[in-house]
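S.K.: Quick one: this structure, given as structure tokens, is what I'll be asking you about.
Every number in this text was worked out from the coordinates using simple rules, so none of it is lab data. Small disclaimer: the values here were computed from a predicted structure and weren't measured. Note that each Cβ is placed from the backbone with ideal geometry, even for glycine, and that neighbours are counted across all protein chains shown.
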Amino acid sequence: MRIERRDWFSHDIRKMCIKNDYYTGGTIKDYEALLRFVDEHEPTVDNIESVAYDIVRHSDLSRYNQTEEENVDSVMFEIAEHAVCLTYEAVKE
């Protein structure tokens, strides 16, 4: 039997934000709080959604011509793709 382990890293969130011009409307204090949240929490669906909402709220995403919910979905996908690391580990039964 194997278990799946998820990890994420604030430096990967930071790289993703830079690459996509996210978080251009947030303060340094806001951005530091976002990255601290990532460091202190597991990448559950709820936490990924919280981070995505934070990024969307502090970003100008009008170029995508999407609703806020669609932007959150897109950012969640980006987080999962570029910042969440999956590993698998065998466990004894």
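S.K.: Between [x] -0.77, -1.16, -1.34; [y] -0.69, -0.96, -1.15; [z] -0.63, -0.99, -1.25, which entry matches log10 I(q)/I(0) by the Debye sum over Cα atoms at q = 0.16, 0.21, 0.24 Å⁻¹ as derived from the coordinates of this structure?
M.R.: [z]
S.K.: So if each residue of separation counts as 0.36 nm, and I subtract the Cα-Cα distance between Asp30 and Asp12, what length gain in nm does that give? Before the final figure, lay out the partial values.
M.R.: Values: separation 18, 0.36 × 18 = 6.48 nm, distance 1.70 nm.
Working it through step by step, the gained length comes to 4.8 nm.
S.K.: What residues from the range 7-23 fall in the zone where the backbone N is under 19 Å from a label point 7 Å along the Cα-to-C-beta line of Gln66?
M.R.: Zone members listed by number: 13-23.
S.K.: How much mean residue ellipticity at 222 nm does the chain get from its helices, if each DSSP H run of length 4 or more adds -39500 (n - 2.57) and you divide by all residues, to the nearest 500 deg cm²/dmol? Mind showing how you got there, number by number?
M.R.: Details: 4 runs with 52 residues, N = 93.
My calculation for the chain gives -17500 deg cm²/dmol from helical runs alone.
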